[in-house]
Amino acid sequence: MDERKVSHVTIERINNVSGLLEIEDIWHELEEEAKVYPFNSFEWVLNWWKYFGHGKSLEIIVVYEGSKPIGIAPFMITYFEKGLFAKRIKFIGSANSDYLDFVVRQGYEKQFYTAIVDFLEKKIDSLTVLDLEHIPENSEFFPYVMGSNLYYDYEVQDVCPYIKLPDTWEEYLESLEGKFRRNLNYEIRRFFKDYDASFTVVKDYDMVGKAMDTLIELHQKRWRKRHMPGVFYSKRIRDFHKDVAKDMFLKGELSLFELKDGAKTVASLLTYHIGNVRYYYIGGYDIEYGKRSVGNITLGLSIKQSIEEGDEIFDFLRGDEEYKKNWTSLKKRNMRFVASRSTFTGKLLCKYVMLENQIVKKIKDRFTQ
């Protein structure tokens, strides 16, 4: 680690795992006073680095005002990624996280972002590009970096549907399209009448691993039937998500819902719950029960429970899949933001990343139609 003075604040650079572990308490302290997502929580970052950090370098920046930590930039550096002969400064978690942003103590945004932009202006050389993926369009970082000496470009990367939850389940049902609402009510009543049905959330830490294995099996079996790899296609990815789930459960930020027929789980839905927002990460259902709409039943009952617990937002995360349109018309966007030196080479690096983003979007659009 080393320290430098930036204006009237101090920055600390974390370049190894032992340094990351040393700032766990600081990270958790900031989470209490910052807008935080599951994907920039300490638990997600630590586990992500454990499973996917090979070949990359940590470049976490902690900003202090005096002795008070005011924010964290969870950066890493990648080398020659996707054929680009350059280094990239990226958020830890890029590629398989949904929202990535800085962790900033409320009321200290100006000091933090001024320090981060100053750091980036010094760090970015002729063969380095800042490449921030999945950064929410309302991130407070944008005005500061756009006012810097860096060249920048940006583009929409993801569309993220969400529900602004009303006070009651009945009020939410009234907001849905008539046919879908009637079918949902009918399928819920029919399933609980025809089967030994129950809808529960995993409450025992010792059951998290087993419940995750069930979710993974249900998800993968359905996708394999479609000759697609599914999200959990490798052991590394499966182990990562199981470790994150256990850590988030201990923090009280995991809700793993299960719809059962007797002792058999027929649908499962993994969500993270931070503040008054529930984030729907992934689900799976038994294809033998597919005609009984168990996926929709589980999702609907999860939304109902969120309302009853007083949540304000049910977030579907990135991806504008067709089925989400049944549940909401509200959408927000994530951006792909790049910055470099204002040179011919720097601008060329940015254009390369933007072209890369357009190609990935076309592929995603093809598979979500």
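Between Phe80 and Phe344, what is 0.36 nm times their sequence separation minus the Cα-Cα distance? Round to one decimal in nm.
Working: separation 264, 0.36 × 264 = 95.04 nm, distance 1.88 nm.
Extra length available between Phe80 and Phe344 comes to 93.2 nm.
Using only C-alpha atoms and all pairs of different ones, pull out the Kirkwood radius for the chain in Å with one decimal.
22.0
More than 22 Å apart: what percent of Cα pairs in segment 102-253 qualify?
70
Looking at segment 92-237, how many pairs of lysines come closer than 27 Å at the Cα, when each pair is eight or more places apart or spans two chains?
14
Go ahead and run the numbers for FRET between Asp125 and Ala263, Cβ-Cβ distance against an R0 of 45 Å, rounding to 0.05.
0.15
Aspartates and glutamates near Lys82 by alpha-carbon distance under 12 Å, same-chain residues fewer than 8 away left out - which ones?
Lys82 reaches Glu356.
So how far, in whole Å, is the C-alpha centre of segment 111-135 from the one of segment 271-297?
First find each Cα centre; the distance between them is then 37 Å.
Once you keep just the Cα pairs under 8 angstrom separated by 6 or more residues, what percentage relative contact order results for segment 76-130?
About 37 percent, as a whole number.
Can you give me the Rg/Rh ratio for segment 244-341, using Cα atoms for both radii and the Kirkwood formula for Rh?
1.04
Would you calculate a helix-derived [θ] at 222 nm for the chain, using -39,500 (n - 2.57) for each DSSP H run of n ≥ 4 and dividing by the full residue count, to the nearest 500?
-12500 deg cm²/dmol
Probe radius 1.4 Å, ligands and nucleic acids ignored: give me the carbon and sulfur share of the accessible area of the chain as a rounded percent.
49
Taking θ = phi - 60°, what integer Hz values does the Karplus form 6.51 cos²θ - 1.76 cosθ + 1.60 yield along segment 20-25, in sequence order, with x for Gly and Pro?
My calculation for segment 20-25 gives 4, 5, 5, 9, 4, 5 Hz in order.
Relative to the first principal axis of the alpha-carbon coordinates of the chain, what is the inclination of helix 42-52, with its axis defined by its Cα atoms, in degrees from 0 to 90 and to the nearest 10?
80
In terms of Cα to Cα distance under 19 Å, which aspartates and glutamates are near enough to Lys260, apart from those fewer than 8 places away along the same chain?
Glu187, Asp194, Asp196, Asp204, Asp206, Asp213, Glu217, Asp286, Glu288
What FRET efficiency, computed as 1/(1 + (r/R0)^6) with R0 = 30 Å and r the Cβ-Cβ distance, is obtained for Lys221 and Glu155, rounded to the nearest 0.05?
0.25
So if R0 is 51 Å, what FRET efficiency would Gln106 and Asp194 give, r being the distance between their Cβ atoms, rounded to the nearest 0.05?
For R0 = 51 Å, the calculated efficiency reads 0.55.
Using a 7 Å offset from Cα along Cα-Cβ at Lys164, what residues in segment 174-208 end up with backbone N under 19 Å from the label point?
Within reach of a label on Lys164, which here means backbone N under 19 Å from a point 7 Å along Cα→Cβ, segment 174-208 contributes 174-177.
Less than 11 Å Cβ to Cβ from Gly283, Lys/Arg counted +1 and Asp/Glu -1: what total charge do the surrounding residues give?
Overall, the nearby charge balance is 0.
The values are calculated or read from the model by the stated rules, or taken from the named source; none is laboratory data. The model shown is predicted, which means the values in this text are computed figures rather than measured ones. Virtual Cβ from ideal backbone geometry, glycine too; neighbours counted across all protein chains shown. Heads up: the accessible areas ignore ligands, DNA and RNA and are worked out on the full protein's heavy atoms, side chains in. Shrake-Rupley method; radii C 1.70, N 1.55, O 1.52, S 1.80 Å.
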